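Visitor: Have a look at the structure that comes next, please.
The values are calculated or read from the model by the stated rules, or taken from the named source; none is laboratory data. Since the model is a prediction, treat every value here as computed from it, not as a measurement. Cβ sites come from the backbone with ideal geometry, for glycine too, and all protein chains shown count toward neighbours.
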Amino acid sequence: MIQIVTAIRSLLLGMGIFLAGSGLLGTLLGLRAGEEGFSEAVIGLVMSAFFIGYILGSYFCPKLIRRVGHIRTFAVMAAISCVVALLHGLFVDPYVWWILRIINGMSILGLYMVIESWLNEQITHYRGQIFGIYMTVSLLALGAGQF
């Protein structure tokens, strides 16, 4: 088991850093929207758009993974997520942010899907323990990103 964790430590570290940034972005956007004068209802709609992206991503991402593979899908989703994070600073508009949050939700779901499907394919022994470590790193990173 230690050998398996050692083999995937780079994946866990990279994912942890990326999810810490995602957690920070979620907190930052909610606070920034309030500073920009968005109403509470609009802030709620903008922030919930992320999960609309999750739902849409669950339909589109498996097809993308099957078509181009894990590595390319991961690279595309990571790039999209980074670009979307930068675009939030350029366009301070609730309609634009709503669309960007949907795209970000799809890309983050794509990253999760690539990592989890790859782990599921590669790890045959100790799968439950490895996924437990993976989920612990994920949730700690998302939580740490908010501080």
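Visitor: Against the condition over 17 Å from Leu142 (Cβ atoms), touching a Ser or Thr at 6+ places or on another chain (Cβ under 9 Å) and in a helix (DSSP H, G or I), how does Ile55 come out, does it pass?
Guide: Spelling it out, it is not the case that Ile55 is over 17 Å from Leu142 (Cβ atoms), touching a Ser or Thr at 6+ places or on another chain (Cβ under 9 Å) and in a helix (DSSP H, G or I).
Visitor: Of the residues that sit in segment 104-138 and are aliphatic (A, V, I, L, M) and touching a Gly at 6+ places or on another chain (Cβ under 6 Å), which one is surrounded by the fewest Cβ atoms within 10 Å (Cβ to Cβ)?
Guide: Result: Val137.
Visitor: Could you go through segment 75-95 and let me know if any residue there is under 16 Å from the mean Cα position of the chain (by Cα), of a type in the set (Ser, Thr, Tyr), part of a helix (DSSP H, G or I) and farther than 21 Å from Leu31 by Cβ.
Guide: no
Visitor: While we're on this one: I'm checking my understanding of the structure. Among residues of segment 109-147 that are in a loop (DSSP other than H, G, I, E, B) and under 17 Å from the mean Cα position of the chain (by Cα), which one is farthest from Arg72 (Cα to Cα)?
Guide: This residue is Gln146.
Visitor: Here is a further query. Quick check: is even one residue across segment 72-79 small (Gly, Ala, Ser) and either more than 30 Å from Ile4 (Cα to Cα) or surrounded by 19 or more Cβ atoms within 10 Å (Cβ to Cβ) (or both)?
Guide: No: zero hits.
Visitor: Of the residues Ser39, Ser48, only one is under 20 Å from Gly145 (Cα atoms), loosely packed, with under 15 Cβ neighbours inside 10 Å, of a type in the set (Ser, Thr, Tyr) and at pLDDT 95 or above; which?
Guide: Ser48
Visitor: State whether one or more residues within segment 16-39 are in contact (Cβ under 8 Å) with a residue 60 or more places away in the chain and either outside any helix (DSSP H, G or I) or of a type in the set (Val, Ile, Thr) (or both).
Guide: For segment 16-39, residues in contact (Cβ under 8 Å) with a residue 60 or more places away in the chain and either outside any helix (DSSP H, G or I) or of a type in the set (Val, Ile, Thr) (or both): present.
Visitor: Which residue pairs have Cβ atoms closer than 8 Å, lie 6 or more positions apart in sequence or on different chains, and pair a first residue in segment 57-86 that is closer than 22 Å to Gly16 by Cα with a second residue that is surrounded by 14 or more Cβ atoms within 10 Å (Cβ to Cβ) and among the aromatic types (Phe, Trp, Tyr)?
Guide: What qualifies is His70/Trp118; Ala78/Phe18; Ser81/Phe18.
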